[in-house]
1. Given the stretch 152-267, what helices (runs of 4 or more DSSP H) lie entirely inside it while holding 2 or more residues that are closer than 24 Å to residue 288 by Cβ and within 19 Å of the chain's Cα centre (by Cα)?
2. Given the structure, is residue 253 within 17 Å of residue 281 (Cα to Cα), within 16 Å of ligand 2 (Cβ to nearest atom) and surrounded by fewer than 19 Cβ atoms within 10 Å (Cβ to Cβ)?
3. Being surrounded by 15 or more Cβ atoms within 10 Å (Cβ to Cβ) and assigned to a loop (DSSP other than H, G, I, E, B) is the filter here; which residues of the stretch 290-303 pass it?
4. Does residue 447 fit the bill of being modelled with pLDDT of 85 or more and in contact with a helix residue (DSSP H, G or I) (Cβ under 7 Å, 6 or more places away or on another chain)?
5. Restricting attention to the stretch 281-289, does a residue exist that is assigned to a helix (DSSP H, G or I) and at pLDDT below 90?
6. Note down all Cβ pairs under 9 Å where the first residue falls in the stretch 150-166 and is closer than 14 Å to residue 203 by Cα, the second is more than 10 Å from ligand 1 (Cβ to nearest atom) and in a loop (DSSP other than H, G, I, E, B), and they're at least six residues apart or on different chains.
7. Name the pairs: first residue in the stretch 189-204 and within 11 Å of residue 314 (Cα to Cα), second residue near ligand 1 (Cβ under 6 Å from one of its atoms) and outside any loop (DSSP other than H, G, I, E, B), Cβ to Cβ under 8 Å, at least 6 apart or on different chains?
8. Can you report the number of residues in the stretch 313-369 which are within 13 Å of ligand 1 (Cβ to nearest atom), closer than 17 Å to residue 380 by Cβ and assigned to a loop (DSSP other than H, G, I, E, B)?
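The values are calculated or read from the model by the stated rules, or taken from the named source; none is laboratory data. Here the structure is a predicted model, which means the values were calculated and not measured. Note that each Cβ is placed from the backbone with ideal geometry, even for glycine, and that neighbours are counted across all protein chains shown.
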Ligand code: ADP
Ligand code: MG
């Protein structure tokens with residue numbers, strides 16, 4: 001840490017003290033802590049590119065105001081780092097913080113910068129204070145944003161091993177021969193193995209190489225929600241136009257189409273239109289097309305009609321390589337024993353691998369000695385909490401058993417008071433124990449409207465407060481889940 005390049009140090013503006021509510025904060029000290037924390041979570045390249053010239057101006061009445069120089073910088077921070085900055089600010093100040101980001105009005109706007117000032121660091125970070133570079137970054141960033149792509153998912157940081165070699169090769173060739181070689185491409189594999197990363201890398205690469213191609217990345221749920229909305233507001237034409245004039249359409253988590261049988265027709269037509277005009281479609285799901293239920297044969301055969309490629313959990317060697325890359329992105333290294341220990345214990349998911357590595361790195365950054373035994377302990381704790389991760393079906397089964405009804409009753413239309421309450425208990429537990437999104441909770445009990453879930457949670461909380469026997473029953477349900 002002592003030899004860090006100057007640029008990585010947080011920007012410190014003139015000293016200012018600010019009194020939020022009653023506590024007195026040293027604003028620069030707080031910003032320093034926040035920057036240190038942010039750096040634990042994002043790559044040094046991102047940090048240099050996006051946090052240079054960002055200052056904390058004040059913290060007042062729970063509102064923190066940041067300032068930066070460029071509007072696209074603000075938009076980027078808003079879109080990708082808002083949560084991280086807000087959390088870090090809350091930690092550093094010990095209060096709940098709401099974030100606002102302003103553009104500083106520049107005093108020197110009249111002195112244009114020259115091209116010679118454009119600098120791209122050896123690690124690829126941009127000097128975002130150069131105007132020419134601004135335009136390039138702004139242009140590409142805007143395209144990525146319009147396409148709903150996360151610019152951090154790239155080929156260059158996607159590690160290839162035997163578990164994903166075929167999919168990676170397919171992805172690379174698709175970029176070169178968009179719409180003509182394999183169409184559609186269907187990636188499948190369990191969660192956390194890199195499907196989204198790979199598909200977005202394709203999108204980013206296409207935007208980078210052919211800025212005039214129109215790319216859209218969309219989770220299937222968004223696609224279908226937009227479709228339903230367009231039917232409701234009679235704007236189908238607009239919807240069709242949007243999705244049928246695309247050069248590369250990337251649809252993620254396509255298995256969820258199972259739950260929207262009625263919208264398959266439109267998906268099929270979008271599909272055909274794109275296909276017939278040699279436009280590329282890429283999809284990902286957690287299972288192969290033949291295992292997706294409730295879809296029409298013609299949709300299924302469309303899905304399987306191009307290239308179907310799978311991604312598996314990475315093998316041991318690849319897990320080690322991924323861990324080393326994560327450390328490098330965090331501007332640090334992990335010793336061999338630690339890498340081996342994590343790679344041995346976290347086997348089936350790159351997301352968890354990342355989580356474990358970042359945790360160890362953060363602990364060390366915060367000055368803790370983390371020996372092998374402690375690494376093992378940290379991993380063990382994680383594994384235990386993983387075991388506790390409960391499936392929604394389990395909640396359905398346990399509550400049904402204790403309330404003596406069947407899942408069919410729950411998902412059905414009958415509305416006796418008792419059934420309605422049981423249904424609400426299930427929604428409450430799904431929401432509170434698993435933290436599932438409202439729409440998903442509604443779907444689990446075969447309901448459409450997410451406000452039903454909000455209402456259910458309020459009602460159950462209320463009943464638990466008023467009736468201790470009812471509360472005990474809910475606690476019994478919860479204790480049986482694990
Ligand atoms: P999925 O969509 O299959 O659930 P993601 O693409 O979201 O998985 O990957 C989970 C995390 O693991 C992401 O942060 C991603 O960048 C990372 N990741 C997955 N596979 C790789 C890989 N081969 N190389 C580098 N990072 C990876
Ligand atoms: Mg994904």
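1. The helices (runs of 4 or more DSSP H) meeting that bar are 195-209, 220-232.
2. yes
3. 292, 295
4. no
5. No, there is no match, as no residue in the stretch 281-289 is assigned to a helix (DSSP H, G or I) and at pLDDT below 90.
6. Correct list of pairs: 152/42; 152/43; 156/124.
7. Correct list of pairs: 192/350; 192/351; 193/350; 194/350.
8. 3
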